[in-house]
Amino acid sequence: MLNHPNIDPIAFSIGPFFGVGPLAVRWYGLMYLAGFVAGWWLGLRRIKQGLAPVTRQQLDDLLFLVVLGVILGGRLGYVLFYKPGHYLSHPIEIFYIWQGGMSFHGGLLGVMLAMTFAARKHDIPWLRLMDYVAPLIPPGIAAGRMGNFINGELPGRVTDVPWGMKFPGAGDEPRHPSQLYQFGLEGLVLLAFLWWFSSKPRPTGQVSAMFLLGYGSLRFFTEFFREPDAFIGFLALGFTMGQWLCLAMIAGGAALFAWSRR
């Protein structure tokens, strides 16, 4: 059995400034920053390869909108999908994002809405813009899962595999390091596949469809190793909330792929 490294969630502190502080900079926030920077860099590469519908200047505008979409959508998605009752009783805690609690599916909806605004602003077909953005998302997914691992949150189910890990606050039994599974599959593997798939011209909507199919399938699989949230547990057919949301993604991706082939 392995032990979680129990990393201090605070990377470093700055200050105090003017009698206030110090300001704690957390690994969780730094991971999100790393994901955004990686997506921006990959976006630049696509522009240089002539496979982007945007200019260098427009990319900076997209990055700002994506950040807003991920943070606002991710947080509101978690509030609405996972703990609506709790946050209705404690609304101020909606803003405590440093404690974790971000929904990928909510963040995706936030990005889609943000790109709707960007498409209208820059006069670019929305699906074509989403095809450009889709391969830039997996680094952010990987970074977010690494942030989960550093925080010791979202541990996996109890297991007897040799690499089972004891997580702080999760009992004495070894568990799957499911955050690392998601880091590898939903982050790195999905990035490699989408980068390859989008490296050649595709019918409009196909890259977005493959993102929905790819992420939905990989997340559905990794959810079998992740402990469901205690306040939700298992839902119909023994699936988790994440798996049901992924089934909706897979269905949407299949429909979009079929439409794009027409």
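Laboratory data are not the source of any read-out in this text; all were calculated from the coordinates shown. The shown structure was predicted, so the numbers you read here are calculated from the model rather than taken from an experiment. When we count neighbours, we look across all protein chains shown, and the Cβ atoms used for this are built from the backbone with ideal geometry, even at glycine.
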Among Asp60, Asp172, rank each residue by its count of other Cβ atoms within 10 Å, from fewest to most, as a rough exposure measure. Asp172, Asp60
Cα-based shape type of the stretch 158-262, given that a ≥ b ≥ c are square roots of the gyration tensor eigenvalues and the cut on a/c is 1.5: oblate
With a 10 Å radius around each residue's Cβ, average the other Cβ atoms per peptide and rank 188-194, 46-52, highest first. 188-194, 46-52
Dipole size in debye (nearest 20) for the stretch 127-195 around its Cα centre, Lys and Arg Cβ +1, Asp and Glu Cβ -1? 120 debye
Antiparallel bridge percentage (DSSP; both residues within the chain; nearest 5): 80 percent
Work out the P(r) tail for the chain: percent of alpha carbon pairs separated by more than 35 Å, whole number. 18 percent
Compactness check, the stretch 90-198: C-alpha Rg relative to the 2.2 N^0.38 Å globular estimate gives 1.34
Distance-filtered residues of the stretch 131-167 - backbone nitrogen under 13 Å, label point 7 angstrom along Ala24 Cα→Cβ: 151
So for each of 205-214, 86-95 I average, over its residues, the number of other beta carbons within 10 Å; can you give me the resulting order with the highest mean first? 205-214, 86-95
Kindly identify the stretch 14-137 as rounded, prolate or oblate by the Cα gyration tensor criterion: order the square roots of the eigenvalues as a ≥ b ≥ c, call it rounded if a/c is under 1.5, otherwise compare a/b with b/c, prolate if a/b is larger, else oblate. oblate
